[in-house]
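Encoded as structure tokens, the structure appears first; notes follow it.
Any read-out appearing in this document is the output of simple, stated calculations on the displayed coordinates, not a laboratory observation. Keep in mind that this is a model prediction, so the values were computed, not measured. Here the Cβ positions follow ideal geometry from the backbone for every residue, glycine too, while neighbour counts run over all protein chains shown.
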Amino acid sequence: MPPKSSSTLTLTLPSDCETRLTRIFDAPRPLVFQAYTDPAIIPHWWGLRGSVTIVDKMDVRPGGLWRYVERHPDGAEYGFHGEYREIVPPERLVSTFEFEGMPGHVVVDTAIFEELPGGKTRLTITSLFASKEDRDGMMASGMEEGAAETWDRLAEFLNSAQM
């Protein structure tokens with residue numbers, strides 16, 4: 001399947017049970033990695049525009065748990081949680097991801113932070129689903145659009161953080 005792009009996000013499907021999101025950020029790798037691992041920074045970019053993200057827990061270590069709640073303007077709340085499996089600053093972060101509205105559908109995300117010339121970073125997240133049906137269900141839920149908007153917000157935050 002050919003790559004699909006949304007803004008500067010590229011989505012590919014490397015296998016029947018995987019998605020891969022890639023984007024180049026105009027920010028140094030340590031800053032991009034910090035944005036993913038600092039609970040004070042997460043609410044600035046995680047989730048959809050107009051929503052508020054609350055970091056309920058974030059214990060960034062192998063075996064540590066994370067949980068975010070995304071609150072929408074209409075008052076609806078959506079919970080997401082997972083466990084950190086591997087952390088290699090500022091290169092790699094492996095964690096699980098589960099939407100609390102559909103329990104039991106656990107995704108394993110592997111994030112690779114690649115340093116590029118000119119102080120840029122290529123972020124690649126490969127998500128491994130339990131089945132093709134789980135992957136296709138996530139795709140049908142608007143995952144690509146949500147990821148593009150979230151990563152646009154991350155790019156905006158990174159640009160403002162560099163001063």
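Taking 0.36 nm per residue of sequence separation and subtracting the Cα-Cα distance, how much length would be gained by fully extending the chain between GLU114 and GLU91, in nm to one decimal?
Extra length from GLU114 to GLU91 when fully extended: 7.6 nm.
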Q) What is the projected area of the convex hull of the Cα atoms of the chain, averaged over all directions, in nm²? A) 9.4
Q: Quick one: net charge around ARG85, please, counting Lys, Arg +1 and Asp, Glu -1 for every other residue with C-beta under 14 Å from its C-beta.
A: -3
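Could you work out [θ]222 nm for the chain from helices alone, using -39500 (n - 2.57) per DSSP H run of at least four and dividing by all its residues? Round to the nearest 500 deg cm²/dmol.
Taken over the chain, the calculation gives -7500 deg cm²/dmol.
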Q) Label-point separation (nm) for VAL55 and THR12, each offset 7 Å from Cα along Cα-to-Cβ? A) 3.1
Q. Most exposed first by the Cβ proxy, i.e. fewest other Cβ within 10 Å, how do ASP136, ASP16 rank?
A. ASP16, ASP136
Q: Calculate, for GLU145 and ASP74, the FRET efficiency according to 1/(1 + (r/R0)^6) with r their C-beta to C-beta distance and R0 22 Å; round to the nearest 0.05.
A: 0.75
Q. Which whole-angstrom value gives the distance between the alpha carbon centres of the range 1-73 and the range 131-156?
A. 10
Q: Identify the residues of the range 84-127 with backbone N under 15 Å of a label point that sits 7 angstrom from the Cα of ILE24 along the Cα-to-Cβ direction, or state none.
A: 114-124
Q: Determine, from the Cβ-Cβ distance of ALA40 and ASN159 and an R0 of 22 Å, the FRET efficiency 1/(1 + (r/R0)^6), rounded to the nearest 0.05.
A: 0.75
